[in-house]
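Input: a single structure, listed below in structure tokens.
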Amino acid sequence: MYKTLLRNVTSNWAGFAVQAVVTFFLTPFVVASLGEVRYGVWALVVGVTGYYGLLDLGCRAGMAQYMTRHMAARDFAKLNETASTGFAALATCSVILLPATLLLAAFAPRWFDMPATAVRETQICLLVIGASVALQFLWYPFSTVFTVTQRFDLANAVGICSTLCIATATYLALRAGFGLISLSLITVAGNHASYAVRWRLAYRILPQLKISLSVANYRSLGAIVTFGAWSFLVAAARGLKYNANAVIVGLTMPIAAIGAFALAQGLVQHFERLFVPIGNVFFPAMTDLDARGERQQLRNVYMHGSRILLLLASAAGIIAFAWAGEFYALWLGTRSGAYQDAESIAGVFCVLISGSIFVAGQSIGNQVFYATRRLKTLGQLTAIEGLTSFTAACLLAEPFGLAGVACAVAGAAVAFQGCVHPVLVCRLLEIPLSEFVRTTYVRPIVVAALCGGAVALLKAALPTAASWSELAWQGALAGGAAVGLIASIGLTRQERRRFLLSPLADAIERVGRAWTPRNSHELAKQFEDPNRSLLK
């Protein structure tokens, strides 16, 4: 199990790294090419169409849950029934969303404060992106196969290729003078091409898969919807957190402010994507443990996995917090010519990332609710968190601007993800709270305190980073200190051996084998025999 988890986590990080590099180099160019207003329009379109994913009514989560359980039982007949029923349900959702997109495009100029010159482009982008997202519903059953078979590595490989192709096409199009509409078409083409590849791969990694409307039935639909209803509530609440901010900012501030907030929130979401997908990787493994009744193993995976995620997220968050000002000044102030007030954007980023540390740390805990089919509890809790964040953002947006919205989002995340969620997971798994705190929180708190002190000393001793090279080596110093603290204090002796010493020893052994002749006697014979070439 650990090898599979490590493979999937590594592939997730590879996908994140590629996405982060693309965002780093491409975003300033996109902002400079489109301008503040049109970049704000793009952020608005992405934010609004992000709600479309809610309208599957939890079908994707229900499919993943029951297809994983049927896969564990090797019951492919029921697996195909679930997949086929899910396909029919998602196709229905897709048909409903297409006319909804027309209405959204028609009324968008009345709902959002935008200049007259941007109205036509906004409507066309909404039509293109909205219709594309609606049609993507048809691909989702095939993408679920990668979760069911725990082949996140293949899914990430396809995603990396798609990201690079879309980024290259975006750069060439904007450089040639094209605008928002071309950007929308490129995004749509790239996304559907990647889904088509996943469709073909799904049948290769799961040859038993057969999606046919003839085997779809109401029994499977009932199971999917029952599980998916609470998953829908969870997704809706998360949508309030991630997508409602752009809407709130657009309704209370000039549309250019959406782009400024998106630059801060976008990097925070990349930070979360470095850690949260790790929790998603644990979902099929934890579902399998729950199906086999291995409760103690499930407890251990939750507590120790959450501790390691907290160690990584807190260290990375502290470093990002300390150097955010220099990063945004270099990234935006010298590269794009737009959003000159990089310091205020960095401030919004620092507020948001404080909550994201706890979101990252609780990502495995969220999968416990999914694996044990306790979606009602997670749905209610996430709904309360989302409504709290949304209400606070509405109240604080007008008097405090972007900083108020950021404080609302971060405050809700700290309270719920850092405190309430862990308590409920401990009750569900029957873990004494004292044991959880001792196992999961003590080491990360100590490491975070020491890491914060080390970073503060470095910031005081080093000059302000005035170039990318200075920022890189200063960040490397802080990162090296953080890695040392995590390895020496954060990890247990067994974890150091499993995750550090054993992989290092294996790597050294492989290098040694690569440089050592496999058969020295055979090599000697090759020299002795003049009729035999070493090139054979």
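The figures follow:
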read-out	value
Checking residue 466 against (1) of a type in the set (A, V, I, L, M); (2) modelled with pLDDT under 90; (3) not in a loop (DSSP other than H, G, I, E, B), the condition it does not meet	(3)
Criterion violated by residue 97 - all others in (1) crowded, with 16+ Cβ neighbours inside 10 Å; (2) under 23 Å from residue 34 (Cβ atoms); (3) at pLDDT below 85 satisfied	(2)
The stretch 195-213 residues that are over 12 Å from residue 141 (Cα atoms), paired with ones that are aromatic (Phe, Trp, Tyr) (beta carbon under 6 Å, 6 or more apart)	208/76
Wholly enclosed helices (runs of 4 or more DSSP H) of the stretch 175-288 bearing at least 3 residues within 18 Å of residue 66 (Cα to Cα)	218-242
Residue identified as touching a helix residue (DSSP H, G or I) at 6+ places or on another chain (Cβ under 6 Å), surrounded by fewer than 23 Cβ atoms within 10 Å (Cβ to Cβ), of a type outside the set (D, E, K, R) and in contact (Cβ under 8 Å) with a residue 24 or more places away in the chain among 262, 237, 229, 257	257
Lone qualifier among 496, 513 - being touching a helix residue (DSSP H, G or I) at 6+ places or on another chain (Cβ under 7 Å), modelled with pLDDT under 90 and charged (D, E, K, R)	496
Subset of the stretch 377-433 that is polar (S, T, N, Q) and buried (at least 22 other Cβ atoms within 10 Å of the Cβ) - its residue that is farthest from residue 306 (Cα to Cα)	389
Subset of the stretch 1-38 that is over 21 Å from residue 271 (Cβ atoms) and of a type in the set (Ser, Thr, Tyr) - its residue that is surrounded by the most Cβ atoms within 10 Å (Cβ to Cβ)	33
Candidate set from the stretch 149-172 (those that are of a type in the set (S, T, N, Q) and part of a loop (DSSP other than H, G, I, E, B)); member that is nearest to residue 16 (Cα to Cα)	150
Selected residue [in contact with a Cys (Cβ under 9 Å, 6 or more places away or on another chain), among the aliphatic types (A, V, I, L, M) and not in a loop (DSSP other than H, G, I, E, B)] from 383, 415, 397, 406	406
Only listed residue being touching a helix residue (DSSP H, G or I) at 6+ places or on another chain (Cβ under 7 Å) and crowded, with 16+ Cβ neighbours inside 10 Å, chosen from 181, 166	166
Residues being buried (at least 16 other Cβ atoms within 10 Å of the Cβ) and of a type outside the set (Gly, Ala, Ser) - total across the stretch 211-226	5
Residue 289, sole failed condition from (1) more than 16 Å from the chain's Cα centre (by Cα); (2) within 27 Å of residue 19 (Cα to Cα)	(2)
Of all residues in the stretch 142-154 being surrounded by 20 or more Cβ atoms within 10 Å (Cβ to Cβ) and of a type in the set (A, V, I, L, M), the one that is farthest from residue 370 (Cα to Cα)	145
Test: residue 534 is surrounded by 10 or more Cβ atoms within 10 Å (Cβ to Cβ) and at pLDDT below 70	no
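The values are calculated or read from the model by the stated rules, or taken from the named source; none is laboratory data. Since this is a predicted model, take the numbers as computed values, not measurements. As a convention, Cβ positions derive from the backbone with ideal geometry for all residues, glycine included, and neighbour counts pool all protein chains shown.
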